[in-house]
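Heads up: the structure comes next, in structure tokens.
The values are calculated or read from the model by the stated rules, or taken from the named source; none is laboratory data. Remember, it's a predicted structure, so these values are computed and weren't measured experimentally. Here the Cβ positions follow ideal geometry from the backbone for every residue, glycine too, while neighbour counts run over all protein chains shown. Heavy atoms of the whole protein, side chains included, go into the accessibility calculation; ligands, DNA and RNA do not. Shrake-Rupley method; radii C 1.70, N 1.55, O 1.52, S 1.80 Å.
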Amino acid sequence: MPDAAGPIGLPPRFAGQVGEVADWALSNIDDPIAPRLLEHVQLSVAPVLLGLAVALPLGVAAARWPRWYPAVLTGVNVLYALPSLALFFLLLPYTGFSPWTAIIPLALYTLAILVPNVVDGLDQVPDHVRQAATAMGFSPMRRLVRVELPVALPVIIAGLRVATVATISMVSVASLVGLGGLGQIILTDGFRRNFAAPVVVGVLLSVALAFLADGLLVLLQRWLTPWTRGRETGATSRSRRAARRDAPPTAPDTGSAAPPAAPAARGEDA
Amino acid sequence: MILDVLDWFTRSEQWTGSGGIPVRFGEHVLYSVLALVVSALIAVPVGLVTGHTGRGGFAAITVANVGRALPTIGVLTLVVLGMGLGLFPVEVALVALAVPPILVNTYEGVRGVDPLLRDAAQGMGMRGAQVLLRLELPLALPLILLGMRTAAIQVVSTATIAAYVGIGGLGRFIVDGQSRREIEMILGGSLLVVLLALVVTGLFALLRRLVVARGLRARPAATG
């Protein structure tokens, strides 16, 4: 993390700084670090799950009735533009210092990433697949659950990865309001005491958590969609490009899922 | 509550002086535009070159992913501890936030150009830089603009934290409203941020109309 440590870790003092960070981390594992880390995990997992629970039905509905999709998209994008700090403050009178004050706004933000990905994933289901399922006697509901959603899964998980990483990094803002998480270490142990070590520990742990969660989601996708494995081997440039659509670390905001121009066009023409 | 907010907006002292809405709005726009311009100057060239050559793409994407995972508050605090309060830490934090979406979308946009088109361009005698600037850049433009729009909205919404390190912007209303327990002030400040985000969305729609080739704009609409 050269850019984050740069301004402080000036070369001559650098070794000492690393030692200081390690010292602080080791002597504070039990007290602030472990419980804050646990809080951070809870405050990031809950919003993503909640967001997914809302985005799935919303996305399915928007894919089914495309006329409403622009309105839905505008709605989730407006939510996304709300400053998180303000939402936390505004919820405080109602939900107090409970986790919900952080979870509800963070869940709202995930919608802007998850809903377009659910819709794009479902739109990408080839027509012949849908027709085959119907011909086999699948009811619309069963076709959705057993055929369309599984085929859309790589795209949905792509969105889930972006949403998870974004949420984990955003939880820290909740600490400005006093809602816990690793940001609390950054602010109370670092900022207020003018002490860099806790800040570095908080940032590193937050980044590590994001990468861990991202890796777990990749494993989940491999496990859930075994048919996409090995698609990338020995590919021509064309099929490699197709495979890259399923490779979400590169996902733009709406996921790398859709063919490049489509999400842009849809968003703008809305 | 709605009436309180309306009342807040219509009070005359909101519209004048150094703490008034126009000044705060201007500060917010200034911080955001500065961060966005710096980010674009970093991310677009890197994305174009890595996307065109295919070299360093993995590194660029990795940097972008780390950037995405960085907690903004942490970056802001580190820079404040190192260099003191002021505009600089805010800009560093906002640039760290804005570079990833622009970089990833630029890279993906260039990589996504059909190899057949690239072959055709080379067949017409274009050299590397010409292929990049006259074929790949225009084709990648919709995706680059989308990345910039995402970055801009995140920056506008996050620039509110500038108030925490003692400078202005619309975040002042949110932070000061909290410390004075004036809900209508928090709401008013937030509404202004949302308004700014909507203006940004509109501006990017306009920009897209102006700079994206007509053929590219028509195609997705026809198929989708």
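A Cβ distance below 7 Å, combined with a sequence gap of six or more or placement on separate chains, defines the contacts here; from segment A:93-104, residues that are small (Gly, Ala, Ser) reach residues that are at pLDDT below 90 in the pairs A:102/A:88; A:102/A:174; A:102/A:179. Tell me whether segment B:177-187 contains one or more residues that are surrounded by fewer than 24 Cβ atoms within 10 Å (Cβ to Cβ), facing chain A (nearest Cβ under 9 Å) and either within 13 Å of the chain's Cα centre (by Cα) or in contact (Cβ under 8 Å) with a residue 40 or more places away in the chain (or both). Checked segment B:177-187: at least one residue is surrounded by fewer than 24 Cβ atoms within 10 Å (Cβ to Cβ), facing chain A (nearest Cβ under 9 Å) and either within 13 Å of the chain's Cα centre (by Cα) or in contact (Cβ under 8 Å) with a residue 40 or more places away in the chain (or both).
Of the set (1) open to solvent by 30 Å² or more (accessible area, probe 1.4 Å); (2) under 24 Å from residue A:89 (Cα atoms); (3) not polar (S, T, N, Q), all apply to residue A:204 but (2).
Are any residues in segment B:1-23 in a helix (DSSP H, G or I), within 14 Å of residue B:177 (Cα to Cα) and not hydrophobic (A, V, I, L, M, F, W, C), and if so, which ones?
Listed by number, the residues that qualify are B:4, B:14.
The requirement of being modelled with pLDDT of 90 or more and not in a helix (DSSP H, G or I) is fulfilled somewhere in segment B:167-182, by at least one residue.
Only one of the numbered conditions (1) modelled with pLDDT of 90 or more; (2) under 25 Å from residue B:143 (Cα atoms) is not met by residue A:242, and that is (1). Set side by side, the residues A:205, A:149, A:176 differ, and just one is assigned to a helix (DSSP H, G or I) and out of contact with any helix residue (DSSP H, G or I) (no Cβ under 7 Å at 6 or more places or on another chain), which is A:149.
Output the residues belonging to segment B:52-72 that are without any contact (Cβ under 8 Å) to a residue 12 or more places away in the chain, more than 10 Å from chain A (Cβ to nearest Cβ) and in contact with a Gly (Cβ under 9 Å, 6 or more places away or on another chain). Let's see the steps before the verdict.
The first filter runs over segment B:52-72 and keeps only residues without any contact (Cβ under 8 Å) to a residue 12 or more places away in the chain, leaving B:53, B:55-56, B:58-59, B:62, B:66, B:69, B:71.
Next cut, more than 10 Å from chain A (Cβ to nearest Cβ) only: B:53, B:55-56, B:59.
Hit for segment B:52-72 is B:53, nothing else.
Taking each residue of segment B:190-201 that is facing chain A (nearest Cβ under 7 Å) and over 14 Å from residue B:148 (Cα atoms) and looking for partners that are among the β-branched types (Val, Ile, Thr) and assigned to a helix (DSSP H, G or I) with beta-carbon atoms closer than 7 Å, six or more apart or interchain, yields B:190/B:174; B:193/B:156; B:193/B:160; B:194/A:78.
Given the criterion open to solvent by less than 40 Å² (accessible area, probe 1.4 Å), farther than 22 Å from residue A:113 by Cα and not in a helix (DSSP H, G or I), identify the matching residue among B:90, B:75, B:113, B:79.
Values: B:90 fails: not in a helix (DSSP H, G or I); B:75 fails: not in a helix (DSSP H, G or I); B:79 fails: not in a helix (DSSP H, G or I).
Going through B:90, B:75, B:113, B:79 in turn, the sole match is B:113.
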